[in-house]
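Notes to accompany the following structure.
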């Protein structure tokens with residue numbers, strides 16, 4: 001088999017049995033890899049109604065065919081499970097070097113089932129796969145765990161994914177951390193590893209990736225690497241990283257601030273790309289096979305957080321723990337980011353949870369008696385750091401916030417639900433849907449909850465070349481409306497298209513900065529590489545249809561648990577409180593019309609928001625259509 005390693009590893013944590021099963025080629029072509037593999041495996045292994053903390057909820061780590069190749073940005077891996085935060089299909093994605101290492105060891109996926117009685121870690125060294133005791137690692141931070149495993153196993157090149165104390169304590173916003181600071185975080189996958197008593201996965205691989213047409217593939221990969229490296233569309237990432245977004249987003253009112261009371265922050269320049277690069281950056285770091293190297297290592301040299309050195313923080317983290325909490329101290333954000341990584345917390349959900357608590361304090365819903373002496377005044381840096389530690393240890397108010405803002409609001413009551421910024425239980429990503437309507441729709445419809453990476457509609461940010469290519473039926477006047485971030489026209493078209501591109505990227509193990517964010521590489525470029533890599537002749541339409549198949553399958557996983565159109569919604573603040581920057585008419589997100597158009601474009605049932613039998617059969621998911629029909633969920637209209 002070319003491209004894919006050809007083996008799926010099954011690890012039963014209860015009886016310690018380890019099995020290697022061959023990858024079916026038809027399955028591989030149909031579901032691509034990575035997210036596609038794990039979605040289908042979840043569909044088959046996960047029974048409707050399964051509790052996320054049941055032994056029957058699998059935890060899957062997977063990669064796609066490009067992982068471990070020299071194709072640009074082929075570094076990503078996927079973790080999938082039923083999310084303990086949302087009770088929906090759950091997935092998270094991370095970069096670094098662990099994904100390629102899994103491929104070098106000879107595996108396309110690891111499926112963990114059952115629950116271990118004692119803490120364990122999985123050690124993979126090519127064909128050698130074994131579970132070992134992690135009793136001495138339990139309670140350690142992610143950084144400590146990674147270092148100890150490398151030292152004790154005598155291999156500093158080992159690639160490690162681990163959880164921290166937050167995951168061990170089943171914090172619902174806990175993350176899986178690899179390469180010391182890369183995170184597969186959204187939806188609480190760290191809690192699933194913690195529940196399974198799986199402390200870490202340590203991988204070393206020395207095998208070579210088989211390529212169908214090596215000369216042609218590596219020549220093409222070199223050309224595409226040059227394209228990505230030299231493109232003006234990636235220059236902002238090379239120069240300043242994702243923090244270069246701070247200034248432009250702040251200017252248009254797309255920088256969620258004070259728990260989304262506003263979308264602009266007066267101190268945003270304290271933490272924008274140019275400022276951070278000049279004042280704090282000490283080196284750059286890139287993932288495997290990346291010609292961009294967007295990540296910066298920063299050092300805080302003065303102030304109360306002096307001495308903090310770490311990778312990042314990235315944009316989403318910085319907004320969530322900065323402006324969202326009305327915090328303009330970049331040193332605090334850097335410290336908070338490092339602390340979240342070491343304790344194993346999702347920085348985005350953590351920042352949203354802290355901002356939520358601060359607004360409840362402002363509104364008088366939380367009182368001094370409720371918070372144990374904390375000062376939850378907006379921007380209090382001491383409190384931000386304290387709350388991170390309290391969330392990870394489930395202490396005091398932290399124990400409430402550790403459940404995520406949806407459950408926290410239900411527990412607190414007194415109208416707190418209005419201020420809980422989530423979709424399906426997942427805390428909102430840091431885009432302002434009232435400013436950028438396409439992101440409002442994308443957040444509402446994401447199968448894993450409020451998500452900026454499930455559909456990344458940046459094609460509408462002035463990328464006329466790509467828009468003309470993929471939407472040739474649009475006139476020039478149409479394209480102007482397409483690119484108008486604040487209007488509703490063609491936004492459902494953007495989201496349904498970019499869902500497929502993002503899913504393609506996650507399934508093939510590619511970073512979106514080379515494709516779905518920038519479109520330096522289009523699906524046509526990628527499918528050319530895919531065919532040379534795997535020997536499977538596929539065209540662009542076939543690749544995008546495979547991605548669409550995965551999108552539909554994920555929605556069907558949720559449908560089996562009763563999720564419908566009613567769950568594709570947004571926090572009331574975005575639906576009821578008009579907002580815009582000065583000089584622009586304030587608006588809310590008028591979601592119903594967007595949803596109608598979105599479902600129609602998908603050929604789904606408009607009333608239920610679910611795939612129709614006809615659509616599922618068109619995508620070769622006849623068995624899924626039958627399953628949903630038995631549950632009364634699939635329809636023909």
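Here, each number is a calculation from the coordinates, and none is a lab measurement. Owing to the predicted nature of the structure, the values given are computational and were not obtained by experimental measurement. Ideal geometry is used to build each Cβ from the backbone, glycine not excepted, and the neighbour counts take in all protein chains shown.
For 538, 348, which order do you get if you count the other beta carbons within 10 Å of each Cβ and list the fewest first?
Listing 538, 348 from fewest to most nearby Cβ atoms yields 538, 348.
Give the label of the value calculated from the structure for volume of the Cα convex hull per residue in Å³, choosing from [x] 185; [y] 140; [z] 269.
[y]
If the chain between residue 51 and residue 21 were fully stretched, how many nm would it gain, using 0.36 nm times the residue separation less the Cα-Cα distance?
The span from residue 51 to residue 21 would gain 8.2 nm if fully extended.
Just need log10 I(q)/I(0) for region 437-630 at q = 0.07, 0.09, 0.12 Å⁻¹, Debye formula, equal scatterers on the alpha-carbon atoms, no solvent, rounded to two decimals.
Listed by q, the Debye log ratios stand at -0.21, -0.35, -0.62.
Sum -39500 (n - 2.57) across every DSSP H segment of at least 4 residues in the chain, then divide by the residue count to get the 222 nm mean residue ellipticity, nearest 500.
-12000 deg cm²/dmol
I want to check the label-to-label distance for residue 417 and residue 309. Put each point 7 Å from Cα in the C-beta direction and report it in nm to one decimal.
In this crude spin-label approximation the distance works out to 4.9 nm.
Please find the FRET efficiency linking residue 233 to residue 585, where r is the Cβ-Cβ separation and R0 is fixed at 35 Å, and quote it to the nearest 0.05.
0.65
Mind giving me the nanometre distance, one decimal, between the label points for residue 70 and residue 464, set 7 Å out from Cα along Cα→Cβ?
3.8 nm
For the pair residue 210 and residue 155, what calculated FRET efficiency results from E = 1/(1 + (r/R0)^6), where r is the Cβ-Cβ distance and R0 = 30 Å, to the nearest 0.05?
0.80
I want to make sure I understand the PRE zone here: with the label point 7 angstrom from the Cα of residue 278 toward its beta carbon, which residues in region 246-270 have backbone N atoms less than 15 Å away?
247, 268-270
Using Cα pairs under 8 angstrom and six or more residues apart, how large is the relative contact order of region 243-420, in percent?
16 percent
Which whole-number percentage describes the relative contact order of the chain, with Cα contacts under 8 Å and a sequence gap of 6 or more?
This gives 15 percent for the chain.
Please give the contour-minus-distance gain from residue 125 to residue 218: 0.36 nm per residue of separation, less the Cα-Cα distance, rounded to one decimal in nm.
30.8 nm
How far apart, in nanometres, would the label points at residue 614 and residue 136 be if each is projected 7 angstrom from Cα along the Cα-to-Cβ direction?
Each label point is offset 7 Å from its Cα along the Cβ direction, giving 6.4 nm.
Going by how many other Cβ atoms sit within 10 Å of their own, how do 384, 309 line up, fewest first?
309, 384
Any idea what Rg and Dmax come out to for region 1-155 if you just take the C-alpha atoms, in Å?
15.5, 43
How would 522, 383 line up from fewest to most surrounding beta-carbon atoms within 10 angstrom?
So the ranking, lowest neighbour count to highest, is 522, 383.
Gain in length, residue 301 to residue 538, computed as 0.36 nm per residue apart minus the alpha-carbon separation, to one decimal in nm?
80.1 nm
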